[in-house]
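Q: After the structure tokens below, expect a handful of questions from me.
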Amino acid sequence: MKTALLVIDVQMAFVHDDDAGAVRSCPEASENIAKLLGAFRTNGDTVIHIHHHGNDPDDPFHADAPGAAVQPFAAPQGDEGVVIKHVASGFVGTSLEADMRSKGVERVVICGATANHCAESTARSAGNLGFDTVYVSDAVWTYGATGPDGTEHSADQIHSVTLCNLHGEFANVMPTEAALAL
């Protein structure tokens, strides 16, 4: 089965959040994304980078903002595809689906940020579009949040619930080593 690695929003805005003291889940995510990239590159498999560019000039992901830059370890190489999105899912308003279908891609392996936003939205879209979707549990991360009722949820709680929501419904959730064994 032809497989593509989707590397979602591994951009400097998240490094800036981390540096400002934001508590993040899955501290090993960057290392695992690098492992996935290394394996896909070594095998000559398809790698597609999806980058978020916010439309608001004050958005840390705006194309002209320092946060929109790609984290160096995840920078595209050679002829790896780059898709620019302006909403959560990498499939909405982009050529991602057409690009993958033209390459014969049937399976997508998803990693990146954040687990409960863009990575999750892209995984849900991929599953709905009929791709065999693998969501790499230890190659995504998220941050804590406060719900509309005032309840605070830790980054680890949100990460866990995201995996629970996706597994078996939209994607097969598995750790990096299992994804590499595919």
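Q: So, residue 33, is that one in a strand (DSSP E or B) and not acidic (Asp, Glu) or not?
A: no
Q: From (1) assigned to a strand (DSSP E or B); (2) on the phi > 0 side of the Ramachandran plot, pick out the condition that doesn't hold for residue 130.
A: (1)
Q: When the residues of segment 43-74 are filtered to those that are assigned to a loop (DSSP other than H, G, I, E, B) and free of Cβ contacts under 8 Å to residues at least 24 places away in the same chain, which remaining residue is nearest to residue 4 (Cα to Cα)?
A: So the residue we want is 44.
Q: So, one more: Restricting to segment 119-152, and then to whatever is touching a residue at least 40 places away in the same chain (Cβ under 8 Å) and among the aliphatic types (A, V, I, L, M), can you tell me which residue is surrounded by the fewest Cβ atoms within 10 Å (Cβ to Cβ)?
A: The extreme case among them is 134.
Q: So the check is Cβ under 6 Å with 6+ separation or different chains; which pairs have a first residue in segment 93-110 that's open to solvent by less than 70 Å² (accessible area, probe 1.4 Å) and a second one that's in a helix (DSSP H, G or I) and small (Gly, Ala, Ser)?
A: Listed pairs, sorted by first residue: 108/126; 109/179; 110/119; 110/123.
Q: Of all the residues that make up segment 153-180, how many are closer than 15 Å to residue 32 by Cα, part of a strand (DSSP E or B) and open to solvent by 70 Å² or more (accessible area, probe 1.4 Å)? Let's see the steps before the verdict.
A: In the first step, residues of segment 153-180 are kept if they are closer than 15 Å to residue 32 by Cα; the result is 173-180.
Narrowing further to those that are part of a strand (DSSP E or B): 173-174.
Among the residues that remain, those that are also open to solvent by 70 Å² or more (accessible area, probe 1.4 Å) are: none.
So the count comes out to 0.
The values are calculated or read from the model by the stated rules, or taken from the named source; none is laboratory data. Quick caveat, the model's predicted, so the values are computed rather than measured. So basically every Cβ, Gly included, is an ideal-geometry build from the backbone, and we count neighbours across all protein chains shown. Each accessible area value is taken on the protein alone, full model and side chains, heavy atoms only, with ligands, DNA and RNA left out. Shrake-Rupley method; radii C 1.70, N 1.55, O 1.52, S 1.80 Å.
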